[in-house]
Each structure stands twice: as structure tokens, then as C-alpha cells.
Amino acid sequence: MPKAISSALGFIGIVSCYLTGEWLVQITRVPLPGALIGMLLLLVILLFRQRSPGAVGQVAQPLLGHMTLLFVPAVVGVMAFWPEVKQNLTGIVLALVITTVLSMGITARIAQQILKRKVQDSR
């Protein structure tokens, strides 16, 4: 399959998951961003396929390369609500530190278990 067609199909797949997520949020009134639901939908699809289609990877790679630009709207949003953020800054920082430490600890523990299992399997 030519690269242009493959990339177009990958783009259509990603955008379809995004739009489906937005639609599901509107229908169900779930208090989550549609983009998040779309990402979870894409994850489920990729897990059921048990492999990542190259077309999705071709389209996702440039997006991942420019991911910092995608955070600009969120930062601008935080600055728009700076008075509210400033009032709750201690709680926000505390929540960020605690969740970061927990995430790192859980990730390290899972990595240890995976490495231990690989060592046992190789014997």
C-alpha cells in the first residue's frame, strides 16, 4: 500500500476515535474530555488487534514529536484562571507532588516485577 494512502487511513482512524469520543461525551454527559474518551477507545482497539498498525504509527509519530505545542492551550487556560489557581496553589502543588511520587513508585514496582519475571523465564 502506498505511504500516502496508509497515512490517510491512519489519520482517518485517529480522527474517527477522537470524534467518536466527543460524540460519546455529548450523548452520555460524562464529565470527561472527548479527546480522552477517544484516546481510550483507540487504546482498546489497538489492544484487541494485539499489534499497532503501521498507519497509526506513521500519523502519531509527528504528533508526538510536537507534543509540547499541544499543551499550550492548557497552559493558557491555567493562566486565564490564575486567581483561582493562586488561592488553591498549596493544595494543587501537594496533589501534584503526591501523585507524581505515587506514580513513580508504582511504575518502579511494576518494572521490578516484569524484570524479575523475565529473569526467571530466561533460566
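For the chain, the membrane-span-like helices by this rule, meaning whole DSSP H stretches whose C-alpha atoms cover at least 20 Å of axis and whose Kyte-Doolittle mean is -0.5 or above, are 3-28, 34-49, 89-122; this says nothing about an actual membrane.
Between 39, 104, 79, the residue with the greatest mean-square fluctuation in the GNM of the chain (Cα pairs under 10 Å linked by springs) is 104.
From a point 7 Å beyond the Cα of residue 28 in the direction of its Cβ, which residues of segment 42-64 have a backbone N at a distance under 16 Å? So the set is 42-45.
Would you mind calculating the relative contact order of the chain from Cα pairs under 8 angstrom and at least 6 residues apart, reporting the percent as a whole number? Please report the intermediate quantities before stating the final value.
Details: 59 pairs, mean separation 25.7, N = 123.
This gives 21 percent for the chain.
The list [x] 93; [y] 178; [z] 107 gives values of volume of the Cα convex hull per residue in Å³, and only one came from this structure; which label was calculated from it? Recomputing volume of the Cα convex hull per residue in Å³ here picks out [y]. Take the Cα of residue 88, step 7 Å toward its Cβ, do the same at residue 74, and the gap between the two points is 1.6 nm. Rounded to the nearest 20, the size of the Cβ-charge dipole of the chain about its Cα centre is 600 debye, with Lys and Arg at +1 and Asp and Glu at -1.
With r as the distance between the Cβ atoms of residue 61 and residue 101 and R0 = 35 Å, compute the FRET efficiency 1/(1 + (r/R0)^6) and round to 0.05. Let's see the in-between values first.
Numbers: r = 31 Å, r/R0 = 0.88.
That pair, residue 101 with residue 61, gives E of 0.70.
Laboratory data are not the source of any read-out in this text; all were calculated from the coordinates shown. Values in this document were obtained by computation on a predicted structure and should not be read as measured data. We place every Cβ from the backbone using ideal geometry, glycine too, and count neighbours over all the protein chains shown.
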